[in-house]
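Computed from the coordinates by the stated procedures, all read-outs in this text should not be read as laboratory data. Fair warning: this is a prediction, and the values are worked out from it, not measured in the lab. FYI the Cβ positions are ideal-geometry reconstructions off the backbone, even for glycines, and counts take in every protein chain you see.
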């Protein structure tokens, strides 16, 4: 299931340019059993760029943050310390414009 929460005037401009890696992750999540909490993909603005945030399913795993081209920026949280890899440590303080792009729910 895909959940798009953007106004119609801007939806098409970014929806047509979703990076392939994000579409691949969404397809993989959709093929898996629904987890608790359900797997999600969020879109934010971070340092002036559209980014895709995929929270980790468990505290010891790292979340993933991708730029608008699909390149991995880093892991904002998770891992043994819970603080990710340190490459985007300001993400949670500076992100804006949250959009829930995808939430894996029971069909």
| task | Provide Rg and Dmax in Å for the range 8-103, with only Cα atoms included in the calculation. | result | 13.2, 42
| Simple spin-label model, 7 Å along Cα-to-Cβ: residue 28 to residue 87 in nm? | 1.5
| query | Given the rule -39500 (n - 2.57) for each run of at least 4 DSSP H residues, summed and divided by the residues of the chain, what is its mean residue ellipticity at 222 nm, to the nearest 500 deg cm²/dmol? | reply | -6000 deg cm²/dmol
| In nm, to one decimal, how far is the modelled label at residue 68 from the one at residue 97, with both set 7 Å along Cα→Cβ? | 0.7
| task | Could you rank the peptides 51-64, 85-98 by their average count of other C-beta atoms within 10 Å per residue, with the highest value first? | result | 51-64, 85-98
